[in-house]
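One structure below.
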Amino acid sequence: MEKRLNLVLQWRLFPLLALLASFLIFFFVESQYSKLSQNGCSLLPYQHYWIASKRIVTPQGIISGAVEVKDGKIVTIVKEEEKLSNSLLGKVIDYGDSVVMPGLIDVHAHLDDPGRAEWEGFPSGTKAAAAGGLTTLIDMPLNSDPSTVSRETLNLKLKAAENRIHVDVGFWGGLVPENALNTTALEDLLNAGVLGLKSFMCPSGINDFPMTNITHIKEGLSVLAKYRRPLLVHAELPQEPESSPELEDGSNDARSYSTYLKTRPPSWEEAAIRELVTATKDTMIGGSSEGAHLHIVHLSDSTTSLDLVKEAKQRGDSLTVETCPHYLAFSAEEIQDGDTRFKCSPPIRDAANKEKLWEAMLDGHIDFLSSDHSPTHPELKLFDHGDFLKAWGGISSLQFVLPVTWSYGKKYGVTLEQLASWWSERPAKLAGQELKGSIAIGNFADIVVWEPEAEFHLNDDHPVYIKHPSISAYMGSKLYGRVLSTFVSGNLVFKEGKHAPAACGVPILAK
């Protein structure tokens, strides 16, 4: 009798014990997930999951399927039919018809930290990047203070970035007269980890970043050849003015955009590039600077300047060129008197030039896009006076480049694959980031999820994370393409208006 009673009790207790065990397992697993998210790097409580969508942009085309992410990397990519047969295990985030695309890489951003963080700074700049679907920024060596022209000044950048960047950030070093003819100094800067160098062929506006000449540039290329890293050049070479900036009626109204436009004609870009292509011939196979690469930033002139680039490429020079969304979105005729938000250099040119830039993008003659995000303090834009000749130049755009490119590109039939090429794949190659730029097995899980069809107005009600929204030329625009989520190395750093609590972006250094 006693034996039978014990047996009955055992059978009655067994379900309770099983239930208790399941609860213990559940709480153990959840506690592990909780530990992973305790550092605040991600809005997800786990590091192993699947991202599903009907539109995933891969190097092989757009697929319907899912991407498996584990410990920050992409480990599996399956198409819809494989997804069904595999009956995905684990956590699945299904984004439906939204586009899943490689995170954008912006190789031309001025974050102004340290020294001029009141202009932008790492926290606000990288939060804006995350909200815009950018997962990697390469910070320019100016307009921080001091400029990044030595190992010591790079270390100041790295210290300023510590625990303050929400996306990954790499750094260009400055090629200036002080280090250009000093191989030891230049190699020390490169050995410190900058991804390449940047120089100006015209005054930069920053005292500790003086302009270089073609001799400096050739010397820089000869050093870079050993490291196989690029030299980025602001290609404007000041010329003797053909005439005064006065207009035909004798006026030179500084509030008129046309007055400013006359001060930086296409001949400045043409003259600079004509000199540069005498140097890039040495980057050809067998040349004295083979292994070096020259990249022309923010091309504005679509005429002779672009023709010179095309000829050099056809010759076999290691040469690429970028332009920026503001040259593809705006034209000189549209810019109102006194609206200095639109001042930049080289300047935004006329509508016919804009059309030719689009043509060059679509034909592949311009390699990719960058933001040239160049903010400042609103006071330096001189809104009260509207003086184009004295206002600080630069377009503030970091958060908006994806919807801007898509919105203005729709007219030209721009595809999702082209966006991924212009904003991810090709910039990754320039910056030497082999594990970024595409949704591919083994790559970092740097991903943006967005809705191309979603329309929004960029007004005061729209969440904007750049430090000074009022200075952006894009405020007031109607755009298409709403960013839903941004993943950096598998961490969900932005989701529909909310950022991950901690800034866990990684500084990128060349090895």
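The values are calculated or read from the model by the stated rules, or taken from the named source; none is laboratory data. Keep in mind the model is a prediction, meaning the values are calculated, not measured. Glycine also receives a Cβ, built like all others from the backbone with ideal geometry; neighbour counts cover every protein chain displayed. With ligands, DNA and RNA removed, areas are computed over all heavy atoms of the protein, side chains included. Shrake-Rupley method; radii C 1.70, N 1.55, O 1.52, S 1.80 Å.
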With all protein chains present, calculate the accessible area of TYR327 using a 1.4 Å probe and round the result to the nearest 10 Å².
10 Å²
When the Debye formula is applied to the Cα atoms of region 150-190, each taken as the same point scatterer, what base-10 log of I(q)/I(0) results at q = 0.17, 0.19, 0.25, 0.33 Å⁻¹?
-0.51, -0.60, -0.84, -1.16
At 1.4 Å probe size, with every protein chain present, just tell me what the per residue accessible area of region 199-326 comes to in Å².
42 Å²
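Taking region 163-236, which chymotrypsin sites (Phe, Trp or Tyr not before Pro) meet the DSSP loop condition and have no more than 15 other C-beta atoms within 10 Å? If you can, show how the numbers build up before the last one.
Details: sites: PHE171, TRP172, PHE200, TYR227; in loops: TRP172.
Of the chymotrypsin sites (Phe, Trp or Tyr not before Pro), not one in the loops of region 163-236 has a Cβ with at most 15 other Cβ atoms within 10 Å.
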At a Förster distance of 41 Å, what's the computed FRET efficiency of HIS462 paired with THR263, Cβ-Cβ distance as r, to 0.05?
0.75
Any idea what % of Cα-Cα pairs in the chain are farther than 35 Å?
36 percent
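If you add up the charges near THR184, with Lys and Arg at +1 and Asp and Glu at -1, over every other residue whose beta carbon is less than 15 angstrom from its beta carbon, what do you get?
Working: positive: ARG151, LYS226; negative: GLU152, GLU178, GLU187, ASP188, GLU219.
Neighbourhood net charge equals -3.
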Test item: Cα-centred dipole of region 244-336, Lys/Arg +1 and Asp/Glu -1 on Cβ, debye:
320 debye
In Å, descending, principal axis extents of the Cα set of region 244-328
54, 26, 17
With labels modelled as points extended 7 Å from the Cα through the Cβ direction, what inter-label distance (nm, one decimal) is found for THR215 paired with GLU496?
6.2 nm
Charge-dipole axis of the chain as Lys and Arg at +1 and Asp and Glu at -1 on Cβ define it, positive-most pick from HIS216, ASN459, ALA272
ASN459
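At 1.4 Å probe size, with the rest of the protein present, what percent of the exposed accessible area of region 102-226 is carbon and sulfur atoms? Spell out each step's value before the answer.
Values: 1710 of 3570 Å².
With neighbouring chains kept in place, the figure for region 102-226 is 48 percent.
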Put +1 on the Cβ of every Lys and Arg and -1 on every Asp and Glu Cβ in region 319-392; which of MET361, HIS377, ILE348 then has its Cα farthest towards the positive end of the dipole?
HIS377
Could you pull out which residues in region 185-209 have an amide N less than 20 Å from a spot 7 Å beyond the Cα of ARG315, following the Cα-Cβ vector?
201
Sorting VAL448, SER256, ALA129 by the position of each Cα along the dipole of the chain (Lys, Arg +1; Asp, Glu -1; all at Cβ), the one nearest the positive end of that ordering is VAL448
Within straight cross-link reach of LYS429, meaning Cα distance under 20 Å, which aspartates and glutamates are found once same-chain residues fewer than 8 apart are removed?
ASP106, ASP139, ASP168, GLU290, ASP317, GLU322, ASP363, ASP367, ASP372, GLU417, ASP446
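Please report the equivalent ellipsoid semi-axes of region 200-239, computed as sqrt(5 x eigenvalue) of the Cα gyration tensor, largest first, in whole Å. List each step's numbers first, then the result.
Working: eigenvalues 86, 23, 15 Å².
Result for region 200-239: semi-axes of 21, 11, 9 Å.
Could you order the peptides 446-453, 355-362, 301-308 from most to least packed, using the average number of other C-beta atoms within 10 Å per residue? Walk me through the intermediate numbers first.
Details: 446-453: 22.5, 355-362: 17.5, 301-308: 21.0.
Listed from highest to lowest mean packing, they are 446-453, 301-308, 355-362.
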Per residue, in Å², the accessible surface of region 380-482 once ligands and nucleic acids are set aside, probe 1.4 Å:
41 Å²
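Given the Cα-Cα distance of THR76 and ALA454 and 0.36 nm per residue of separation, how much length would full extension add, in nm?
Extending this stretch completely gives an extra 133.2 nm.
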In nanometres, what is the gap between the two model label sites at GLN239 and LYS281, each 7 Å from Cα along Cα-to-Cβ?
2.1 nm
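Enumerate by residue number the GluC sites (Glu not before Pro) in region 86-152 meeting two conditions: DSSP loop (anything except H, G, I, E, B), and at most 16 other Cβ atoms within 10 Å of the site's Cβ. Intermediate values should be presented prior to the final figure.
Values: sites: GLU118, GLU120, GLU152; in loops: GLU118, GLU120.
Qualifying residues, ordered by number: GLU118.
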Under 24 Å Cα to Cα from LYS410, which lysines show up? Leave out anything in the same chain fewer than 8 places away.
LYS54, LYS354, LYS356, LYS478
Using a 1.4 Å probe, how large is the accessible area of HIS462, given in Å² and rounded to the nearest 10?
50 Å²
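With a 1.4 Å probe and all protein chains left in place, how much of the accessible area of region 431-511 comes from carbon and sulfur atoms, in whole percent?
51 percent
Given the DSSP H assignment, sum -39500 (n - 2.57) over each helix run of at least 4 residues in the chain and divide by its residue total; what's the result at 222 nm in deg cm²/dmol, nearest 500?
The per-residue figure over the chain is -9500 deg cm²/dmol.
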Say each of ASP307 and GLU333 gets a label point 7 Å from the Cα, pointing the same way as Cα to Cβ; how far apart are those two points in nm?
2.3 nm
What percent does the relative contact order of the chain come to when contacts are Cα pairs within less than 8 Å and at least six residues apart?
21 percent
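Return the carbon/sulfur percentage of the accessible area of region 332-379, one whole number, probe 1.4 Å, all protein chains in place. Present the calculation step by step, with values, prior to reporting the outcome.
On the way: 700 of 1700 Å².
Within region 332-379, the accessible surface is 41 percent carbon and sulfur.
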